[in-house]
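The values are calculated or read from the model by the stated rules, or taken from the named source; none is laboratory data. Note that the coordinates shown come from a computational prediction; the quantities given were computed from them, not determined experimentally. We place every Cβ from the backbone using ideal geometry, glycine too, and count neighbours over all the protein chains shown. What goes into the accessible areas is simple: the full protein's heavy atoms, side chains included, and nothing from ligands, DNA or RNA. Shrake-Rupley method; radii C 1.70, N 1.55, O 1.52, S 1.80 Å.
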Amino acid sequence: MKISKNLDKIPFFFIIGRPRSGTTLLQTLFDAHPHVQIPPESPVIKECFDRFRGVHDWNKQEIHQFADYLFRVIKFKEWNIDKNKLLHRLLNYEGKLTFNTVIHIVYLNYQSVYNKGEIKILGDKNPSYSKFPEKMKAIFPDAKFIHIVRDYRDHILSMQRVNLLNSNLPLISYTWRKSQIKTFRFAQRFPDSIMAIRYEDFVKNPESNLKRMCEFLDINYDQSVLTYHEKEEAFKKEFKMKTSNLFHGNLFKPINSDNVNKWKSEMSQKDILKADFYVGKFAELSGYERIYPKRTFNGFFSCLPGYIYLGLYNVLLFSIKLIPIRTRKKIRNRFSN
């Protein structure tokens, strides 16, 4: 891999969208691109920005503190970066560092299993960043965003299969709807900075859509990315969590549309009605047609327990936010180790 002398000028892009919507597939495809550097999912930028945003003098002490903190960020160890080598490279820039330069150096030290040439763009895949794309835009003003969305009904089934969000249909529907609202608002503010794509359209015609994405990112399309699955054994060796059969069992199969519209045969009419009710008009706004577009009294009555659950859930979230951030992180880190 060749590192540009003006490394802080290398642009960033972000892949956002709900979990189980194709974000990992896109990340892996771009990881296979010889001119793209995009590590596995880890909230490095957000976590480090919250902690080091006020640092202006990146001296030796600050650099060491940053490295110590970085290696405690959830999932960062999956990047397989040598801490001593990273410290050495950061210290070489002592006196010239900014937060953005530090992040560029960290990302360029990720060792991909794919062969790399000159890195022309850095990428980041984090579904959680869908909650605050404006924050990422503020840190990297020239960043671009690729947002992938999946039919909310197939999304519900996929989330339930791996027991995310407690497999709770109202909660999964609510978070899908909320994510779409935030993305729509972001697109209204920064229409030239975001590209939206439906998962269903992508898997049916991956090559043409990848070409569109590369054009959007101002990089050349490389057809070798579609042979990404040939590195399956190398991935299994390097990234045990990423290749978990439970979460990404289909990742290294050739791209196909086998998981499109599964809801039509696997979801009950009662659950379809509930999903349509909770998501509302944001189904159509996102390009999906509801089976039950009209909100009836019977529909509301059947969904009422779910609304009560969501109300209690939001009260719990509000209560958690009253706990100091450092305390929350300590609790999270204790249970994630």
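Kindly indicate which of ASP271, ASP218, ASP276, ASP201 is touching a Leu at 6+ places or on another chain (Cβ under 9 Å), modelled with pLDDT of 95 or more and not aliphatic (A, V, I, L, M). So that I can check it myself, show each step before the final result.
Working: ASP218 fails: touching a Leu at 6+ places or on another chain (Cβ under 9 Å); ASP276 fails: touching a Leu at 6+ places or on another chain (Cβ under 9 Å); ASP201 fails: touching a Leu at 6+ places or on another chain (Cβ under 9 Å).
Unique residue meeting the criteria: ASP271.
Please work out which one of (1) open to solvent by less than 10 Å² (accessible area, probe 1.4 Å); (2) farther than 30 Å from ASN220 by Cβ is the condition SER42 fails and give its number.
Only one criterion is unmet by SER42, namely (2).
Looking at region 46-92 only, could you name the residues that are under 26 Å from LYS137 (Cα atoms), in a loop (DSSP other than H, G, I, E, B), free of Cβ contacts under 8 Å to residues at least 24 places away in the same chain and not small (Gly, Ala, Ser)?
Hits for region 46-92 are HIS56, ASP57, PHE71.
Name, by its number, the condition in (1) touching a strand residue (DSSP E or B) at 6+ places or on another chain (Cβ under 9 Å); (2) surrounded by 17 or more Cβ atoms within 10 Å (Cβ to Cβ); (3) not aromatic (Phe, Trp, Tyr) that does not hold for ASP192.
(2) is the only condition that ASP192 fails.
Criterion first (crowded, with 23+ Cβ neighbours inside 10 Å and not aromatic (Phe, Trp, Tyr)) does ILE15 satisfy it? Give the steps one after another, and end with the answer.
Numbers: crowded, with 23+ Cβ neighbours inside 10 Å: yes; not aromatic (Phe, Trp, Tyr): yes.
Criteria met by ILE15.
So that you can scan it fast, the table gives a plain yes or no per residue for (1) touching a residue at least 12 places away in the same chain (Cβ under 8 Å); (2) surrounded by fewer than 17 Cβ atoms within 10 Å (Cβ to Cβ); (3) in contact with a Pro (Cβ under 8 Å, 6 or more places away or on another chain); (4) in a helix (DSSP H, G or I):
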site: ASP271; (1), (2), (3), (4): yes, no, no, yes
site: TYR292; (1), (2), (3), (4): yes, yes, no, no
site: GLY299; (1), (2), (3), (4): yes, yes, no, yes
site: CYS303; (1), (2), (3), (4): yes, no, yes, yes
site: GLY306; (1), (2), (3), (4): yes, no, yes, yes
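Given the structure, is LYS231 at pLDDT 70 or above, open to solvent by 50 Å² or more (accessible area, probe 1.4 Å) and closer than 22 Å to ILE16 by Cβ?
On the way: at pLDDT 70 or above: yes; open to solvent by 50 Å² or more (accessible area, probe 1.4 Å): yes; closer than 22 Å to ILE16 by Cβ: no.
So LYS231 does not fit the description; no.
Of the conditions (1) under 26 Å from ASN256 (Cβ atoms); (2) touching a Ser or Thr at 6+ places or on another chain (Cβ under 9 Å); (3) buried (at least 19 other Cβ atoms within 10 Å of the Cβ), ILE119 clears all except one; give me its number.
(1)
With (1) open to solvent by less than 20 Å² (accessible area, probe 1.4 Å); (2) out of contact with any Phe, Trp or Tyr (no Cβ under 8 Å at 6 or more places or on another chain); (3) farther than 12 Å from ARG18 by Cα; (4) in a helix (DSSP H, G or I) as the list, and VAL225 as the residue in question, which single condition is left unmet?
Checking VAL225 against (1) open to solvent by less than 20 Å² (accessible area, probe 1.4 Å); (2) out of contact with any Phe, Trp or Tyr (no Cβ under 8 Å at 6 or more places or on another chain); (3) farther than 12 Å from ARG18 by Cα; (4) in a helix (DSSP H, G or I), the one that fails is (2).
Yes or no: PHE99 open to solvent by 10 Å² or more (accessible area, probe 1.4 Å) and aromatic (Phe, Trp, Tyr)?
Details: open to solvent by 10 Å² or more (accessible area, probe 1.4 Å): yes; aromatic (Phe, Trp, Tyr): yes.
Yes; evaluated as a whole, the condition is true for this residue.
Go through region 102-116 and count every residue that is more than 25 Å from LYS237 (Cα to Cα) and open to solvent by 10 Å² or more (accessible area, probe 1.4 Å). Steps first, please.
Pass one, region 102-116, residues more than 25 Å from LYS237 (Cα to Cα): 102-104.
If we keep only those that are open to solvent by 10 Å² or more (accessible area, probe 1.4 Å) too, we end up with none.
Summing the residues that are more than 25 Å from LYS237 (Cα to Cα) and open to solvent by 10 Å² or more (accessible area, probe 1.4 Å) in region 102-116 gives 0.
Taking the stated definitions as given, is PRO34 more than 19 Å from PHE132 (Cβ to Cβ) and open to solvent by less than 40 Å² (accessible area, probe 1.4 Å)? If you could, list the steps in order and put the result at the bottom.
Values: more than 19 Å from PHE132 (Cβ to Cβ): yes; open to solvent by less than 40 Å² (accessible area, probe 1.4 Å): yes.
Yes; evaluated as a whole, the condition is true for this residue.
Scan region 67-79 and tell me whether some residue there is of a type in the set (Ser, Thr, Tyr) and either over 14 Å from the mean Cα position of the chain (by Cα) or surrounded by fewer than 21 Cβ atoms within 10 Å (Cβ to Cβ) (or both).
Our first condition is that a residue be of a type in the set (Ser, Thr, Tyr); within region 67-79, this holds for 69.
Now narrow it down to the ones that are either over 14 Å from the mean Cα position of the chain (by Cα) or surrounded by fewer than 21 Cβ atoms within 10 Å (Cβ to Cβ) (or both): 69.
Scanning region 67-79 turns up at least one residue that is of a type in the set (Ser, Thr, Tyr) and either over 14 Å from the mean Cα position of the chain (by Cα) or surrounded by fewer than 21 Cβ atoms within 10 Å (Cβ to Cβ) (or both).
Which of the residues spanning region 155-209 are of a type in the set (S, T, N, Q), closer than 27 Å to PHE277 by Cβ, part of a helix (DSSP H, G or I) and without any contact (Cβ under 8 Å) to a residue 40 or more places away in the chain? I'd like the intermediate steps shown before the answer.
To start, the set of residues in region 155-209 that are of a type in the set (S, T, N, Q) comprises 158, 160, 163, 166-168, 173, 175, 179-180, 183, 188, 193, 205, 208-209.
Then keep just the ones that are closer than 27 Å to PHE277 by Cβ; that gives 158, 160, 163, 166-168, 173, 175, 179-180, 183, 188.
Retained after the next criterion (residues that are part of a helix (DSSP H, G or I)): 158, 160, 166-167, 173, 175, 179-180, 183, 188.
Scanning region 155-209 gives GLN160, ASN166, SER167, GLN188.
Among the residues of region 83-96, is there at least one that is open to solvent by 40 Å² or more (accessible area, probe 1.4 Å) and hydroxyl-bearing (Ser, Thr, Tyr)?
We begin by selecting, within region 83-96, every residue open to solvent by 40 Å² or more (accessible area, probe 1.4 Å); these are 83-85, 88-89, 91-96.
Right, trim to hydroxyl-bearing (Ser, Thr, Tyr) and you get 93.
Yes; the residues of region 83-96 include at least one that is open to solvent by 40 Å² or more (accessible area, probe 1.4 Å) and hydroxyl-bearing (Ser, Thr, Tyr).
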